[in-house]
Structure formats: structure tokens, C-alpha cells
Amino acid sequence: MNIGIVCYPTFGGSGVVATELGIGLAKKGHKVHFITYSQPSRLDFFNENIFYHEVSIPAYPLFQYPPYELALSGTMVSTAQYAELDLFHVHYAIPHASAAYLAQKIMEDSGVGIPFVTTLHGTDITLVGKDAGFSPVVEFSINHSDMVTCVSEDLKRETNEFFDIRKNIKVIPNFIDPQKFQKQKKDHFKKAICPNGEKLLVHTSNFRKVKRVEDVVMLFEKIREKIPAKLLLAGDGPERQNIESKCRELKSCEDIRFLGKMEAIEEILSVSDLFILPSEKESFGLAALEAMACEVPVISSNAGGIPELNVNGVTGFLSDVGDIDDMLQNSLIILDDENLEGFKKRAKERALEFDIDRILPRYEQAYFEVIESYKKNR
Ligand code: GMT
């Protein structure tokens, strides 16, 4: 198949899923055309089946807000015509689903249209999607997608609850490439970070408010009062400055290290003992899956779709959002040397249920179905 993938090219979860999906499809022989405003961050190598089409917007004095969505639709149309795409797969509803709708209508007007699949990722529904300025457009573009998928049962439930959806939403969970995300021997890293055998805790995110990174720091403070430990904070985003200032005020500051955006996050995960994800909202929790694949158990909130991934008492623990004391008790259970290896092993086993080799065929199947039914209904 010739597939056009539209996504955010950033480190965010939806962009990562879209990029890894495209890479997986290309490895299976499909031609994958990424259409974004810059090269997706994980697309830093050559593959004969992967193509990249940049969306650029001409500068014009009238444009206080450059019309990205129109430029995207236009690039989608020209790419589809040039590369003879069979379908578009757009990740994150805003503004990709409505851009796809417009691109489709333009193409149909000239006689040859193609279907589009929209994948909902989380905040496009649970946060920004609910904004009064966006919600009618989100609802419309979901209802006019040829197929809609989302990454967890909980996100499906919330989408149907908030919007008037007339389409059946297919749940296809996120996935992991176990070749990339597996525990690597990085003992020298561990020695350098934890010279006295301290336990190593890690959090990775885009440092948005919804991630509650402050809870990570508060939890770490409490853990550190009980056992020797270090904390790594990977990623970057709007809350990073605040969190860094907060850490500097705390006694534990010297045991916390900010790593910024990391390409090879699996190297850090390989030496970690506990992953912390206290999010207020989380449709799936891809970062936790990546950790689990590297044998890191997870302390998380029970928000959104996280319970569909992190199994309470088995691969880690779930607590109510903001319940730091419960997270503390649970962390100490996991970090107890008697228990740690068991949690690590079960985290890995659970992660393998989300192996890309199991999930990717579900997308391929969805593509075949949508192409067939689009042809039939034209
Ligand atoms: O977590 C974010 O803020 C980024 C966001 C995105 O769309 O880039 O992530 C969402 O999509 C990921 C991939 O499907 C999910 O694993 C995350 O749980 C989801 N984030 C939220 O729902 C907050």
C-alpha cells in the first residue's frame, strides 16, 4: 500500500506512535509518506520505503496566524496525487482530521478521492478537543472520517461521552518495538549515577501540567527519606523551569538530575528501578510501556487508559491522582529487594503483549477494510 501519514513531528506520544508505525509499515514493504512541518524526531535514518514531505506556509503580512491547516491540506492533496496514495492516516484530531477531510473533498472534486483514517491519541479529545472553539470541528471531523481508531477503551468511552459520535471507534492500543526497547547492559551508567547502590527512579514526559511532574518530585522526596535513591527527569516542556526551581529549594536537589530531551531513552530506562507516571490524564501512557519493555515497574495514577496497561500489584501499582502517600507505600513495596525482580520480570512480560508485531497487522487490516468500503460507497 501507499500510505500518507500525518502527525506532529515532535517527541510527543502521538508523533512517536505515528513515526514508529510508519517505520514498521515500511519494513513490511509498504511505501510510507510522512506529511508534517518538520522531520519527525525518530525518523533520522534512510529507508527506501520512507518519504518525507514538508508542509511549508508562505509568509504574508496579512497572516497574523499562518493558516497551517490549509497548507497541510494542500500538501496532502499534491502528495496523494504525485505518490498515488491509497489512503491517509492522520494522528491527533486537531487539526489533522479536518485537514484530511478538506484534502479528501478537493481530491473527490477532481474525480479521484482516497479514504482517511483518524487516530485519536488523548489530549485531542480530553483536553484541547473539548475547547468550545475546537469541539464542533473535532466532532464533525471524527464523524466524517472513513475510519476512527483510538489508543484505549477509556479514550473511546470519553470520546463517546463528550461528543455526539455516529461512528464506531476501533480501539487499537499503542505498541512497542522490543528490539529497540529492551534492557541493555549499561552497568557503567548505573555506577556513575548511583555510586552507592542507590535505587534509580525515572520520569519522562513533555512536562505539561497534565503530567503532574511536581508529584514525581514530592514522591521522590518521601522515598528518599526511607531509602537511598536518585531521580532522573527526562524530557522538556512548559513546566520544566518551575520544577527545576522547586527541586533547588528541596534538600534532595543533589539527587535529582534533569536530562532534557533524550533520543536513546532506552539506555536510561535500562538502568532504572522504577518509572513514575502520576498524570492527571493519560489516554494510554506510552512512556510507561517503553519503561516496562526495559523491565522497569511503574508507579502511576489510575487516570484514563493507564489501568489498561499497568496491572495493579503485578507490573506496578495504581493510585488515585495526587495520592502521594499511597504512591509512597507502593513504591517501597516494589523497591524492596525481595520484590523488585518479580515486578521487573512481570513488567517486561506485560509489555510484550504490546509488541509491534502483534499490533501492526491490526492497522494493516483496518487500512484494507477502509479502502474496500470507500471504493464500494463511491
Ligand atoms: O502525553 C502527551 O501530552 C502527548 C500526547 C500526544 O498526543 O502527543 O500523548 C497522548 O498520546 C500518547 C500516544 O498515543 C499516549 O500514550 C498518551 O497517553 C497521550 N497523552 C495524554 O492523554 C495526556
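Side notes on the structure shown:
- In summary, Asp187 fulfils each of the numbered conditions (1) surrounded by 15 or more Cβ atoms within 10 Å (Cβ to Cβ); (2) in contact (Cβ under 8 Å) with a residue 60 or more places away in the chain with the single exception of condition (1).
- Filter result for the condition that a residue is at pLDDT below 95 and within 16 Å of the ligand (Cβ to nearest atom), over Thr159, Thr123, Thr118: Thr123
- One residue stands out among those in the stretch 126-135 that are in a helix (DSSP H, G or I) and within 11 Å of the ligand (Cβ to nearest atom): the one that is surrounded by the fewest Cβ atoms within 10 Å (Cβ to Cβ), which is Val128.
- Scanning the stretch 212-263 for residues that are charged (D, E, K, R), part of a helix (DSSP H, G or I) and either under 24 Å from Ala303 (Cβ atoms) or open to solvent by 50 Å² or more (accessible area, probe 1.4 Å) (or both) yields a total of 13.
- Residue tally, condition open to solvent by 10 Å² or more (accessible area, probe 1.4 Å) and polar (S, T, N, Q), over the stretch 270-310: 2
- Where a residue in the stretch 161-175 is under 16 Å from Ser135 (Cα atoms) and its partner, wherever it lies, is at pLDDT 95 or above and in a loop (DSSP other than H, G, I, E, B), with Cβ under 6 Å and at least six apart: none
- Residue satisfying condition, being within 16 Å of the ligand (Cβ to nearest atom) and closer than 20 Å to Ser373 by Cα, within set Ala80, Ala97, Ala18: Ala97
- Residue in the stretch 358-376 that is of a type in the set (Gly, Ala, Ser) and out of contact with any strand residue (DSSP E or B) (no Cβ under 7 Å at 6 or more places or on another chain) present: yes
So that you can scan it fast, the table gives a plain yes or no per residue for (1) under 27 Å from Thr123 (Cα atoms); (2) within 16 Å of the ligand (Cβ to nearest atom); (3) not basic (Lys, Arg):
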position	(1), (2), (3)
Asp187	no, no, yes
Ile193	no, no, yes
Asn196	no, no, yes
Lys211	yes, yes, no
Glu221	no, no, yes
Lys226	no, no, no
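- Number of residues in the stretch 6-21 that are touching a Phe, Trp or Tyr at 6+ places or on another chain (Cβ under 6 Å) and surrounded by 24 or more Cβ atoms within 10 Å (Cβ to Cβ): the value is 1.
- Candidates Glu158, Glu198 - the one that is of a type outside the set (Ser, Thr, Tyr), open to solvent by less than 50 Å² (accessible area, probe 1.4 Å) and in the same structural domain as Ile227 (by TED's automatic domain parsing): Glu198
- Of all residues making up the stretch 311-327, the number that are aliphatic (A, V, I, L, M) and either open to solvent by 30 Å² or more (accessible area, probe 1.4 Å) or within 13 Å of the chain's Cα centre (by Cα) (or both): 4
- Residue match in the stretch 300-310 (condition: touching a Lys or Arg at 6+ places or on another chain (Cβ under 7 Å) and more than 9 Å from the ligand (Cβ to nearest atom)): no
- Of all residues in the stretch 201-209, none satisfies being out of contact with any helix residue (DSSP H, G or I) (no Cβ under 9 Å at 6 or more places or on another chain), hydroxyl-bearing (Ser, Thr, Tyr) and assigned by TED's automatic domain parsing to the domain that holds Met327.
- With respect to being polar (S, T, N, Q), open to solvent by less than 30 Å² (accessible area, probe 1.4 Å) and more than 16 Å from the ligand (Cβ to nearest atom), Ser145 fits the description.
- Residue pairs whose Cβ atoms lie under 9 Å apart, sitting 6 or more positions apart in sequence or on different chains, and linking a residue in the stretch 257-269 that is more than 8 Å from Gly235 (Cβ to Cβ) to a partner that is of a type in the set (A, V, I, L, M) and open to solvent by 40 Å² or more (accessible area, probe 1.4 Å), are Ile265/Leu259; Ile268/Leu259; Ile268/Met262.
- Those residues of the stretch 105-125 which are without any contact (Cβ under 8 Å) to a residue 40 or more places away in the chain, surrounded by fewer than 24 Cβ atoms within 10 Å (Cβ to Cβ) and of a type in the set (S, T, N, Q), in sequence order: Ser110
The values are calculated or read from the model by the stated rules, or taken from the named source; none is laboratory data. Keep in mind that what you see is a predicted model, and the values were worked out from it rather than measured. For neighbour counting, all protein chains shown are included, and Cβ atoms are generated from backbone atoms with ideal geometry for every residue, glycine included. Please note that ligands, DNA and RNA were not included when accessible areas were found on the heavy atoms of the full protein model with its side chains. Shrake-Rupley method; radii C 1.70, N 1.55, O 1.52, S 1.80 Å.
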